[in-house]
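For reference, the structure is listed below as structure tokens.
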Amino acid sequence: MKYSPQQMNTIVRSMTSGIHGSFAARIGDAYMVADTGNMQTLTKAFSGLFDRVARYNDIEPEFDEAKHEAFIERLIDRVDKKLMQGHISQAEYEVMMSTLLKDATV
């Protein structure tokens, strides 16, 4: 989830207020009574709506460091695999790794 529970509470309450239209209000109502699985289904299916309401309320998504680290690790694994399979040279590997590690600290 890219929004914290507190942020989602603000987003959903804004949706249910009706200010974003009746459709958004009904999605907000559904979210309020949904179990965890259905909450995820709603946020995935209507991510654009949730993002629009978040922007309206000046809410920025929270940075998920664990997901970021896992993503960087997957990229590093791919580059390692390319080197092991001979698809890239050692020099290309070092450039790619340097770029990945620089981007990982941003």
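The values are calculated or read from the model by the stated rules, or taken from the named source; none is laboratory data. In this text the structure is predicted, and so the values were computed from the model without any measurement. Backbone-built Cβ (ideal geometry, glycine too); neighbour counts: all protein chains shown.
Going through (1) assigned to a loop (DSSP other than H, G, I, E, B); (2) at pLDDT below 95 one by one, Leu101 falls short only on (1).
Only one entry of Ile59, Ile72 meets the criterion of being closer than 27 Å to Ile11 by Cα and among the aliphatic types (A, V, I, L, M), and that entry is Ile59. Residue under question is Tyr3, and the condition is that it be assigned to a loop (DSSP other than H, G, I, E, B) and among the hydroxyl-bearing types (Ser, Thr, Tyr); does it hold? Answer is yes for this residue. For segment 37-66, give me each residue that is surrounded by 11 or more Cβ atoms within 10 Å (Cβ to Cβ) and closer than 19 Å to Leu101 by Cα. The one that is surrounded by 11 or more Cβ atoms within 10 Å (Cβ to Cβ) and closer than 19 Å to Leu101 by Cα: Asp64.
Looking at Tyr31, Tyr3, which is the one that is among the hydroxyl-bearing types (Ser, Thr, Tyr), in contact (Cβ under 8 Å) with a residue 12 or more places away in the chain and in contact with a Leu (Cβ under 8 Å, 6 or more places away or on another chain)? Within the list Tyr31, Tyr3, the selection yields Tyr31.
Out of the residues in segment 37-80 that are of a type in the set (Asp, Glu) and either assigned to a helix (DSSP H, G or I) or touching a residue at least 12 places away in the same chain (Cβ under 8 Å) (or both), which is farthest from Arg26 (Cα to Cα)? Show your work before the answer.
Residues of segment 37-80 of a type in the set (Asp, Glu): 51, 58, 60, 62, 64-65, 69, 73, 77, 80.
Keeping just the survivors that are either assigned to a helix (DSSP H, G or I) or touching a residue at least 12 places away in the same chain (Cβ under 8 Å) (or both) gives 51, 62, 64-65, 69, 73, 77, 80.
On the way: Asp51: 16, Glu62: 25, Asp64: 29, Glu65: 32, Glu69: 36, Glu73: 40, Asp77: 43, Asp80: 48 Å.
Checking each candidate, the answer is Asp80.
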